[in-house]
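The block underneath contains the structure these notes are about, expressed in structure tokens.
The values are calculated or read from the model by the stated rules, or taken from the named source; none is laboratory data. For clarity, every value in this text was computed on a predicted model and none was experimentally measured. Cβ atoms come from the backbone with ideal geometry, glycine included; neighbour counts cover every protein chain shown. Please note that ligands, DNA and RNA were not included when accessible areas were found on the heavy atoms of the full protein model with its side chains. Shrake-Rupley method; radii C 1.70, N 1.55, O 1.52, S 1.80 Å.
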Amino acid sequence: MQPGAPEYEWAIEDFDRPDKTELTVYELLIRDFIARHDYTTLIDTLDYLQNLGINAIELMPVNEFEGNISWGYNPSFHMALDKYYGPINEFKRFVDTCHARGIAVILDVVYNHAFGQSPLAQLYFDGNKPTPDNPWLNPDAKHPYHVGYDFNHESPATKYFVKKVTEYWVEEFKIDGFRFDLSKGFTQVNNPDNVGAWGAYDASRIAIWKDYADAIWSVDPETYIILEHFADNNEEKELANYGMMLWANNHGAYTQTGKGFFGSLNDISYKARGFAEPHLVHYMESHDEERIMYSALQTGNQANPWHKVRDLEVALKRIELNSAFFYTVPGPKMLWQFGELGYDVNIDFNGRTGPKPSKWEYFTTEERRRLYDVISALTFLRNTYEVFHTEDFFLRVNNANPQNKVKSIQLSSPAMNVNVLGNFDVWDFSIVPYFQHTGTWYEYFSGDSLVVDDALAPIMLTPSEYRLYSDVKLPAPPYGYLQTSGLRPEITDAFRLQLSPNPSEGLLSAAFSLPQAMEGTLELYDLSGKRVQTLFEGKFSAGENVVSSQLQVPAGTYLVLLTAGGKSQVERVLVQ
């Protein structure tokens, strides 16, 4: 309470919000994003976020919650700012400054439950739980995964409470939208232990949400309403058709591709789920998931000795590749804090909800800063060209070939056409580009041009390489041109690798020449990229070398890979 506090004088009275279908949201927890964990310092970081190209910031809960060291999903006073992050007028200044920069502010709010400090619980409480006559809270939760005390959203008292509180945040703080935590819990259908039944189509829950949406939109019709729902697709479609947005978790698919394993990205578009409008907020990571970079460094694909995903530079390249196939898909997107720098701290470090290091030093590391630059380049495209919000697009991200090794995205509009190509394998692989037409195409990241005579002529891509072609020459990315080919040692024929006999009936000799003695390997791979035999590992001598080995593989065609001194040479051998 601060009686007689000065009124905040708003600089931006009428903010023109980004269209909800074009949102690029940055989700952050103030506690872990900046060491001072306050709005004043957060304002000072807005250059960093604006240069990244986001147009909305989603704050994890900032209303009063129990304790300080928390994600904020244990609310006690839903209308009060938690003092841990700073005073009211500094929060208003944060919102005002964001609006001056064209950035919307979305609050993560929790109306599924309240915790024990809340007067809504204490006024009608038997010492263990809310009493049956509590006008807001159920004595026992109606759904699984409950925490705190469960709201009864069919109660007139709860409906009045939620509507007045959301009205307060919109009118008093000029909030642009809400992300509602655990929105699937807004039900009185009693399924305390049955997760499947809880997610089934629930007409009463839909009615509750339409009523809340109407109340919020009566205060400000442009307010974003985003639900963490994860219910039956027909229910989510109905809510989306009404104008709400739904969280869409793509963490599993992008983790597989990030780790260098073949995975389908089939569900990265609103069309894949039959939605009429792009009202799904897709994300690779949120606060709830393990960091993809951590998974890549811990359990990434090691099959290619010169493109090991567990190496930092290769893992970052995989996140770049994922990003090229994330931000270019039409529809709203969300990025979790420091994902743009390849944040790689285990989510369970210091306890799942415990404080995590902010790692601002990553921004000064060349390899990690490059990822920031790539994402900035992609968000620049989203913010500048309508083709990245077109309804005329086609994704070849699942069945490009039987192993999902190469993928492509085709975007078409009257003003411009775009094709995104990517090699998700850890070996060289070719891709049919399916250009919309012949003629000259321009690669965005490198500035190179390509004259296309045959729209279906295959293009060879190195491991983890991606390319973004447009038929209109675009300006250079915000931080300059980038090389997007995969990381690999120099391919050379200087070794003069010769295999004999070839075809071979089992015994194979590999002859080659080295300028000096050096460590190296001679390995045998099948055509899927799987290493099937190590022929030699150790130190080669200077000058002529001959390595003879008995091949222990079935008949077929194989690749012999010689690697030494950061260079490599590959030759085929036929085994009979």
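Taking each pair of different alpha-carbon atoms in region 29-75 once, compute 1/r for the pair, average those values, and report the inverse of that mean as the Kirkwood hydrodynamic radius in Å to one decimal. Please list the in-between numbers first.
On the way: mean 1/r = 0.0851 Å⁻¹.
Over region 29-75, the inverse of the mean reciprocal pair distance is 11.7 Å.
Taking the mean number of other Cβ atoms within 10 Å as a proxy for protection, how do you rank 257-269, 82-94 from highest to lowest? Let's see the in-between values first.
Numbers: 257-269: 20.5, 82-94: 18.2.
Result, highest mean first: 257-269, 82-94.
Cβ under 13 Å from His389's Cβ, His389 left aside: what net charge do those residues give with Lys, Arg +1 and Asp, Glu -1? Write down the numbers at each step before the final one.
Details: positive: Lys20, Lys333, Arg382; negative: Asp19, Glu22, Glu277, Glu386, Glu391, Asp392.
Neighbour charge sum, excluding His389 itself: -3.
Computed from the mean reciprocal separation of all distinct C-alpha pairs, what Kirkwood hydrodynamic radius does the chain have, in Å? Numbers along the way, then the final one.
Working: mean 1/r = 0.0379 Å⁻¹.
One over the average 1/r among Cα pairs gives 26.4 Å for the chain.
Based only on Cα atoms, what Rg/Rh ratio does region 239-374 have, Rh being taken as Kirkwood's radius?
So for region 239-374, dividing Rg by the Kirkwood Rh gives 0.99.
Output the 0 to 90 degree angle, nearest 10, between the alpha-carbon long axis of helix 312-324 and the longest principal axis computed from the alpha carbons of the chain.
Tilt of helix 312-324: around 60 degrees.
How long, wide and thick is region 473-512, going by the Cα atoms along their three principal axes, in whole angstroms, largest first?
55, 19, 16
Enumerate the whole-percent occupancy of each 5 Å bin, from 0 to the last occupied one, for all C-alpha pair distances of region 287-348.
Each 5 Å bin holds this share of Cα pairs: 4, 17, 26, 23, 17, 9, 3, 0.
Using only Cα atoms and rounding to the nearest 10 degrees, what angle (0 to 90) does helix 156-173 make with the longest principal axis of the chain?
Orientation of helix 156-173: about 70 degrees from the principal axis.
Using a simple charge model, +1 on the beta-carbon of Lys and Arg, -1 on the beta-carbon of Asp and Glu, nothing else, what dipole does region 348-434 show about its Cα centre, in debye to the nearest 20? Intermediate values should be presented prior to the final figure.
Values: 10 positive and 10 negative charges, 54 e Å.
About 260 debye.
Enumerate the aspartates and glutamates that Lys20 could reach by cross-link, defined here as Cα to Cα under 18 Å, with residues fewer than 8 away along the same chain left out.
Cross-link targets: Glu58, Asp108, Asp176, Asp214, Asp220, Glu222, Glu228, Glu236, Glu238, Glu277, Glu386, Glu391.
For region 297-393, what size does the Cα cloud have along each of its three principal axes, sorted from largest down, in whole Å?
43, 36, 25
Tell me which of Thr299, Ile57, Met284 sits at the most positive position along the dipole axis of the chain, charges placed on C-beta atoms (Lys, Arg +1; Asp, Glu -1).
Selected residue: Thr299.
Counting pairwise Cα distances across region 119-197, what percent come out greater than 15 angstrom?
Values: 1884 of 3081 pairs.
Every Cα pair in region 119-197 considered, those over 15 Å come to 61 percent.
How far apart, in nm, are the 7 Å Cα→Cβ label points at Glu386 and Gln117?
Result for the modelled spin labels: 5.0 nm.
Tell me the volume per residue, in Å³, of the convex hull enclosing the alpha carbons of region 413-530.
Numbers: hull volume 20.3 nm³, N = 118.
Residue-normalised Cα hull volume stands at 172 Å³.
Which one of Asn191, Gln410, Leu497 has its Cα pushed farthest toward the positive end of the charge dipole of the chain, where Lys and Arg give +1 and Asp and Glu give -1 at the Cβ?
Among Asn191, Gln410, Leu497, the one farthest towards the positive end of the dipole of the chain is Leu497.
When only alpha-carbon atoms count, how far does region 129-168 stretch along each of its three principal axes, as whole angstroms with the largest first?
Principal extents (largest minus smallest coordinate, Cα): 28, 23, 15 Å.
Quick check for you: which residues of region 275-295 have the amide N under 13 Å from the point 7 Å beyond the Cα of Glu238 toward its beta carbon?
none
Using Cα-Cα distances under 8 Å and only pairs 6 or more residues apart, what relative contact order does region 295-425 have, in percent?
Numbers: 147 pairs, mean separation 24.7, N = 131.
With pairs under 8 Å counted, the relative contact order is 19 percent.
Relative contact order for region 172-226: what is it in percent, counting Cα pairs under 8 Å that are at least 6 residues apart? Don't skip to the answer; put the middle values down first.
Working: 31 pairs, mean separation 29.7, N = 55.
With pairs under 8 Å counted, the relative contact order is 54 percent.
Provide Rg and Dmax in Å for region 348-418, with only Cα atoms included in the calculation.
18.3, 52
Can you put Thr21, Thr328 in order of accessible area, largest first, using a 1.4 Å probe? Let's see the in-between values first.
Details: Thr21 30, Thr328 0 Å².
So the residues, ranked largest to smallest area, are Thr21, Thr328.
Distance check, please: which entries in Lys271/Lys405; Lys142/Lys271; Lys174/Lys333; Lys92/Lys142 exceed 25 angstrom between their Cα atoms? Write down the numbers at each step before the final one.
Values: Lys271/Lys405 22 Å; Lys142/Lys271 32 Å; Lys174/Lys333 22 Å; Lys92/Lys142 36 Å.
Flagged as over cut-off: Lys142/Lys271; Lys92/Lys142.
Any idea how far apart Glu313 and Ala35 come out in nm if each label point goes 7 Å out from Cα toward Cβ?
3.0 nm
For the pair Gln516 and Thr364, how long in nm is the line joining their label points, each one 7 Å along Cα→Cβ?
3.4 nm
Quick one: compute the contact order of the chain, relative version, from alpha carbon pairs under 8 angstrom and 6+ residues apart, as a percent. Walk me through the numbers before you get to the answer.
On the way: 1224 pairs, mean separation 53.8, N = 576.
Dividing the mean separation by the residue count of the chain yields 9 percent.
Place a +1 charge on the Cβ of each Lys and Arg in the chain and a -1 charge on the Cβ of each Asp and Glu, then give the dipole magnitude about the Cα centre in debye, rounded to the nearest 20. Don't skip to the end; give the middle numbers.
Working: 47 positive and 76 negative charges, 289 e Å.
In total the dipole reaches around 1380 debye.
In region 27-133, if every C-alpha pair distance is counted and binned at 10 Å from zero, what percent goes to each bin?
14, 42, 26, 12, 5, 0
Expressed as a fraction of 2.2 N^0.38 Å, the rule-of-thumb size for a compact globular protein of N residues, what is the C-alpha radius of gyration of region 141-294?
My calculation over the Cα atoms of region 141-294 gives 1.12.
Would you tally the net charge around Leu49, using a Cβ to Cβ cut-off of less than 10 Å, leaving Leu49 out, and scoring K and R as +1, D and E as -1? Can you show the working numbers first?
On the way: positive: Arg101; negative: Asp47, Glu340.
Charge balance in the 10 Å sphere: -1.
Putting +1 on Lys and Arg Cβ atoms and -1 on Asp and Glu Cβ atoms, find which of His143, Thr223, Gly447 reaches farthest to the positive end of the dipole of the chain.
Sorting the options by dipole projection puts first Gly447.
Can you give me the Kirkwood hydrodynamic radius for region 331-471, using every pair of distinct Cα atoms, in Å to one decimal?
Details: mean 1/r = 0.0581 Å⁻¹.
Every distinct Cα pair counted, the radius reaches 17.2 Å.
For a distance above 15 Å, tell me the whole-number percent of Cα pairs in region 214-294 that qualify.
Roughly 61 percent, once rounded to a whole number.
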